[in-house]
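Let me begin by presenting the structure, written as C-alpha cells, before commenting on it.
Please treat every number below as a calculation from the coordinates, not as lab data. What you are looking at is a predicted structure, and each value in this text was computed from that prediction instead of being measured. For neighbour counting, all protein chains shown are included, and Cβ atoms are generated from backbone atoms with ideal geometry for every residue, glycine included.
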Amino acid sequence: MRRIKVFFSCVAWPLLVAAVFALLFRSLYEQNGVVDLPLAWILIGIPFGIRQVGLWLLPKHRDLSGTLGVFALSILLGGVIGGFVLVYRVGSGLVRTVIGM
C-alpha cells in the first residue's frame, strides 16, 4: 500500500501537472508542427521551479522596468530549474516505488 501512495504522490501527480501545463502552453511552443524543446522545457517546468527562484530574486528599490525585468528573469530561471526538479522528482519517485522505501 505504501508503494502505491509513493507512486501517486511522487510520480503520477507531477506527471499530471506537467501534462496539464504541456496542453495549456502547446500553442506557444509548437509552431507549424515543430516543437521548440527549450521553450517547452521552460514552460512545463514553471510550476516546479518558481518556488525556488521566488526566494532568490526580489525586486527592491527598482522602477517599473527593473521590476518587470527581474520578474521575467525569475520566470525563465524558474522554468529551467523546474524542468530539472520535475525529472528529479519523477526519477526519485520511480526508484522509491521500485525499492519500496
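Before moving on, here are some points about what is shown:
- Test result for Leu16, closer than 24 Å to Arg89 by Cβ, out of contact with any His (no Cβ under 9 Å at 6 or more places or on another chain) and not in a strand (DSSP E or B): yes
- Test: Ser9 is surrounded by fewer than 17 Cβ atoms within 10 Å (Cβ to Cβ), touching a residue at least 24 places away in the same chain (Cβ under 8 Å) and in contact with a Gly (Cβ under 8 Å, 6 or more places away or on another chain): yes
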